Amino acid sequence: MLKLHHAPNSRSGRIVWLLKELDMPFELNAMAFHPKDLKSDDHRARHPLGRVPVLEDGDVMIYESGAIMEYIMARYGDGGLKPAVDSPDFPAYLQWFHYSEGMVMPPINIIMVNTVLLPPDRRDENALNQAKRLLGKALAPINEALEGKEYLAGTFSAADIQLGHASIMSGRLGMIGDDMPNLAAYVERLQQRPACQEAFAA
């Protein structure tokens with residue numbers, strides 16, 4: 001059985017969401033988002049930087065949320081949650097799947113560091129404001145791409161988990177304004193999915 005090492009309010013929620021959408025059994029090692037768990041010797045043996053998610057599959061140990069998602073879908077997904085390679089939706093699927101880590105998560109990370117993770121006396125207001133501007137710019141193309149669409153690449157896919165998770169986080173940071181109605185509706189739609197609800201509750 002797959003074993004997922006997970007901490008709340010982290011990228012590992014994407015993997016919980018994916019596994020729930022695929023209705024796959026798995027073991028969850030729920031850890032605190034705190035150095036006492038993440039930086040422990042046990043966890044550093046799984047991930048050298050003490051991060052999550054980490055997936056164990058027998059002798060396989062793999063980290064990085066996007067890599068884990070691709071691994072699960074390739075080995076166990078049975079062709080689900082992604083368009084076929086010859087589908088006209090496949091290029092959009094690839095683009096939005098990777099857009100999350102390339103464009104959306106970097107400014108989210110800076111915002112989280114300077115609003116939650118660092119004590120107030122160590123926060124950088126200039127870095128925070130710049131990250132908010134960058135995140136707003138990164139979210140705008142998603143809002144445009146969702147015009148007249150429910151999902152990013154045809155039907156619901158893993159791209160909606162990968163980028164949808166980042167979009168939900170952006171909404172919780174107050175970064176989806178009235179000028180992004182398509183994205184706001186998309187986030188609301190995703191949050192109605194039982195698998196998404198279970199992932200954020202894990």
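The values are calculated or read from the model by the stated rules, or taken from the named source; none is laboratory data. Remember, it's a predicted structure, so these values are computed and weren't measured experimentally. As a convention, Cβ positions derive from the backbone with ideal geometry for all residues, glycine included, and neighbour counts pool all protein chains shown.
Checking each residue in region 21-47 for being among the charged types (D, E, K, R), part of a helix (DSSP H, G or I) and more than 15 Å from Gly164 (Cα to Cα) picks out Lys36, Asp37, Asp41, Asp42, Arg44. Residues that are in contact (Cβ under 8 Å) with a residue 60 or more places away in the chain and not aliphatic (A, V, I, L, M) were ranked within region 29-69; the one that is nearest to His6 (Cα to Cα) is Ser65.
Among the numbered criteria (1) in a loop (DSSP other than H, G, I, E, B); (2) touching a residue at least 24 places away in the same chain (Cβ under 8 Å); (3) among the acidic types (Asp, Glu), which one does Asp178 miss? Exception for Asp178: condition (2). Pairs linking a residue in region 1-19 that is closer than 14 Å to His43 by Cα to a residue that is of a type in the set (Asp, Glu), with Cβ atoms under 9 Å and 6 or more positions apart or on different chains, are Lys3/Glu27; Lys3/Glu56; Lys3/Asp57; Leu4/Glu27; Leu4/Glu56; His5/Glu56; Ala7/Asp37. Within the set of pairs 6 or more residues apart or between chains, which connect a residue that is modelled with pLDDT under 95 inside region 120-139 to a residue that is part of a loop (DSSP other than H, G, I, E, B) and acidic (Asp, Glu) with Cβ atoms less than 9 Å apart? Short answer, once both residue conditions are applied: none. Restricting Ile68, Ile111 to residues that are surrounded by 17 or more Cβ atoms within 10 Å (Cβ to Cβ), modelled with pLDDT of 95 or more and assigned by TED's automatic domain parsing to the domain that holds Asp23 narrows the list to Ile68. Scanning region 32-65 for residues that are within 25 Å of Leu190 (Cα to Cα), buried (at least 16 other Cβ atoms within 10 Å of the Cβ) and of a type outside the set (S, T, N, Q) yields Val52, Pro53, Val54, Leu55, Tyr63, Glu64. Might you let me know whether region 83-99 holds any residue that is under 23 Å from Ala202 (Cα atoms), out of contact with any strand residue (DSSP E or B) (no Cβ under 8 Å at 6 or more places or on another chain) and either assigned to a helix (DSSP H, G or I) or hydroxyl-bearing (Ser, Thr, Tyr) (or both)? Yes.
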